[in-house]
1. Working carefully through the options Ala2, Ala9, find the one that is out of contact with any strand residue (DSSP E or B) (no Cβ under 7 Å at 6 or more places or on another chain), free of Cβ contacts under 8 Å to residues at least 60 places away in the same chain, in a helix (DSSP H, G or I) and open to solvent by less than 100 Å² (accessible area, probe 1.4 Å).
2. Among the residues of segment 48-61, is any open to solvent by 70 Å² or more (accessible area, probe 1.4 Å) and part of a loop (DSSP other than H, G, I, E, B)?
3. Identify, by number, the condition in (1) farther than 16 Å from Leu127 by Cβ; (2) open to solvent by less than 30 Å² (accessible area, probe 1.4 Å) that Ala31 doesn't meet.
4. May I ask you to say which residue of Glu93, Glu29, Glu53 is within 14 Å of Leu116 (Cα to Cα), charged (D, E, K, R) and under 12 Å from the mean Cα position of the chain (by Cα)?
5. Output the residues belonging to segment 104-122 that are open to solvent by less than 20 Å² (accessible area, probe 1.4 Å), farther than 10 Å from Phe70 by Cβ and not in a loop (DSSP other than H, G, I, E, B).
6. Could you please find all residues in segment 80-97 being closer than 19 Å to Gln25 by Cβ and open to solvent by 30 Å² or more (accessible area, probe 1.4 Å)?
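The values are calculated or read from the model by the stated rules, or taken from the named source; none is laboratory data. Bear in mind that the values here come from a model prediction, so they are computed numbers and not experimental data. Note: ideal-geometry Cβ built from the backbone for every residue, glycine included; neighbour counts use all protein chains shown. SASA here: full protein model, heavy atoms, side chains in, ligands and nucleic acids out. Shrake-Rupley method; radii C 1.70, N 1.55, O 1.52, S 1.80 Å.
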Amino acid sequence: MAKIQKSDAEWQQQLTPEQFKICRQKGTEMAFSGHYYTCQTQGVYQCVCCGHELFSSDTKYESGSGWPSFYAPLNAEAVETETDNSLGMRRVEVHCPNCGAHLGHVFEDGPAPTGLRYCINSVALDLKEENN
């Protein structure tokens with residue numbers, strides 16, 4: 001799939017300053033500050049930049065980390081990962097496969113069944129609520 005390509009100026013017109021800093025410049029929101037950190041609404045979390053579906057609320061759990069956490073993406077193609085050696089540590093970055101937006105990081109300290117913790121910035125997400 002070809003990634004959405006936009007200039008920084010185009011992204012800045014579309015996104016809030018905080019969204020741009022986190023999604024396009026690989027920033028991180030403050031722990032315990034994000035809108036979706038304690039959200040329990042059912043639905044699908046999408047990329048705030050392009051609307052690509054990333055995570056289901058069914059895999060969201062309270063990790064105590066201060067960020068929305070999921071034990072699995074929506075499906076195998078929902079997110080991409082790559083090694084991140086910034087800040088003097090080795091982590092695995094999670095990004096949107098559709099537009100390349102930085103979403104957060106994945107760690108190997110999550111619950112069953114995957115043992116993974118996708119630690120995602122709230123500002124990088126948009127929740128499409130389930131219709132009951």
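1. Ala9
2. no
3. Going through (1) farther than 16 Å from Leu127 by Cβ; (2) open to solvent by less than 30 Å² (accessible area, probe 1.4 Å) one by one, Ala31 breaks only (2).
4. Selected residue: Glu93, the only one of Glu93, Glu29, Glu53 that is within 14 Å of Leu116 (Cα to Cα), charged (D, E, K, R) and under 12 Å from the mean Cα position of the chain (by Cα).
5. His105, Ser122, listed by residue number.
6. Selection gives Glu80, Thr81, Glu82, Thr83, Asn85, Ser86, Leu87, Gly88, Met89, Arg91, Val92.
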